[in-house]
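Bear in mind these aren't lab numbers, they're just calculated from the coordinates by the rules spelled out. Keep in mind that what you see is a predicted model, and the values were worked out from it rather than measured. Quick reminder, even Gly has a Cβ in these numbers, built from the backbone with ideal geometry, and neighbours come from all protein chains shown.
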Amino acid sequence: MPEKNVYVKIKEDIRLDFFNFIKSNHGGAKKLSKSCKNIKLTNSHIYNWRRGINFIPLEILNKFLSILEKKDKLRYQNLISTNIEKLKSGSNSRNISNVKFPIKFSTNLARIAGHLVGDGGISATGEEKYTTYYSNKCYDLIKLFKDDIEKNFGNIKIYVFFDKRYKVFQIKLPKIVGIILAQFFGFQANDLKHVPKVVSQSDKIYKSLFLQALFDDEANVDKSGRKITIMMTNRKIIRDVKCILNSLNITTGEVKEIKKTKDNRQSIFGFYITHNKNFLEFHEEIGFSHPNKKANLKSLIEDYHPHYENGEMDKNIIKLLRNKRMTALELSIELERSCSRTKQKLQELERNNIIKAIVAKQNLKIYHM
């Protein structure tokens, strides 16, 4: 974690033990200033840090640890890292408390990463550096993101507000959260957005949850066009996502420019996922949390009709009619095709004298060989 602008409060028993040990072995503020080099300390500083009145700058804490003997340094590093009461960035920023250190890459973090690459981000420059944000029209996704953050960062005040201009829900997190997340995922803003290595090199479950979050944000399920589409201006992300999907046995179309941005300045790249095999694999391995996309994927799978190559439907009709006489409706059910399309094909075969038909009651045609 970068030392600059990070402040910590250690749990009381460990904090008192640590500062008592420092004082008994290295003296008061004057001696400590000399030992630590280039820092000016007063007894007031030491008193306020020891009593927990003020947060300790991480930079100062690390300098205190650096002057200890190796075994003492390791002992206190372990004690402090597992007994941090609160963390914050900057003197006036919001803090987070009861964070369980060390923070390890987890399923929750994998999903957070997907949203940061998608409709969220970690700012990289200026006053907003390390600010973590997420916005979406779907409140279910906002709540899921909020829950994942809370599971990893303990007690944290998260404010959700609705942006009337863009008609989206938004979340902004304390900068200290962004500092920690950037250690896992790097900065995620504009052209700096990327698929983090910790994701691409992880196990299947983490890749799946990362993709679920990203597809929740960036994908579209087209029932009429029978495809799942993902599009972004960042071609590298799209290519990396395609590679991860292939590793999960999901075949995609080629990455290509699909359209331009509204101002016509940027290309939007993407690919399509088609065919029922891939829909089923996607459903099993990844799925959606977005309620509408989840429902559309379910419909896509349930309403799927197999694709017939040229002449294949004719062969299947002939095969069925060799076994028994059937109506157009019965054939359409067997062929998984609309009744109108089946009737059209039957009329062609009848005109070409390949099949025959008899007219029953109410002009119902029954087809046979």
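Would you mind ranking 12, 127 so that the residue whose beta carbon has the fewest other beta carbons within 10 Å leads the list?
Going from least to most buried by this count: 127, 12.
Which whole-number percent is the relative contact order of the stretch 1-88 (Cα, under 8 Å, 6+ apart)?
52 percent
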Q) Which whole-number percent gives the relative contact order of the chain, counting Cα pairs below 8 Å spaced six or more residues apart? A) 12 percent
Q. For the pair residue 79 and residue 277, what calculated FRET efficiency results from E = 1/(1 + (r/R0)^6), where r is the Cβ-Cβ distance and R0 = 56 Å, to the nearest 0.05?
A. 0.55
Q) D for the stretch 312-368, whole µm²/s, Stokes-Einstein with Kirkwood Rh over alpha-carbon pairs at 20 °C and 1.002 mPa s: what number? A) 193 µm²/s
Q) Taking the Cβ of residue 123 as the center, what net charge do the other residues with Cβ under 15 Å away carry, scoring Lys and Arg +1 and Asp and Glu -1? A) 0
Q: Please state, to two decimals, what the Cα-based radius of gyration of the stretch 185-337 comes to when divided by 2.2 N^0.38 Å (N = residues).
A: 1.30
Q: With the Cα gyration tensor of the stretch 264-369 in hand, convert its eigenvalues to equivalent ellipsoid semi-axes via √(5λ) and list them largest first in whole Å.
A: 38, 16, 13
Q: Pick out which of 170, 77, 347 has the largest mean-square fluctuation in a Gaussian network model of the chain, springs linking Cα atoms closer than 10 Å.
A: 347
Q) Are there GluC sites (Glu not before Pro) in the stretch 215-264 that DSSP puts in a loop and that have at most 16 other Cβ atoms within 10 Å, and which ones? A) 254
Q. What is the order of 84, 205, fewest Cβ neighbours within 10 Å to most?
A. 205, 84
Q.
Of the listed values (1) -0.40, -0.87; (2) -0.31, -0.88; (3) -0.22, -0.76, identify the label whose number matches log10 I(q)/I(0) by the Debye sum over Cα atoms at q = 0.06, 0.11 Å⁻¹ calculated from this model.
A. (1)
Q | Scattering curve values for the stretch 107-193, log₁₀ I(q)/I(0), Debye with Cα scatterers, q = 0.12, 0.22 Å⁻¹ | A | -0.31, -1.10
(Q) What are the extents of the Cα atoms of the stretch 1-111 along their three principal axes, in Å, largest first? (A) 48, 34, 26
Q. Can you give the helix-only mean residue ellipticity at 222 nm for the chain, where every DSSP H stretch with n ≥ 4 adds -39500 (n - 2.57) and the sum goes over all residues, rounded to the nearest 500 deg cm²/dmol?
A. -14500 deg cm²/dmol
Q | Pairwise centroid distance, computed over Cα atoms, of the stretch 81-131 with the stretch 224-299, Å | A | 29 Å
(Q) Apply the Karplus curve 6.51 cos²θ - 1.76 cosθ + 1.60, θ = phi - 60°, to the phi angles in the stretch 226-231 and return the couplings in whole Hz, x for Gly and Pro. (A) 6, 7, 10, 10, 10, 9
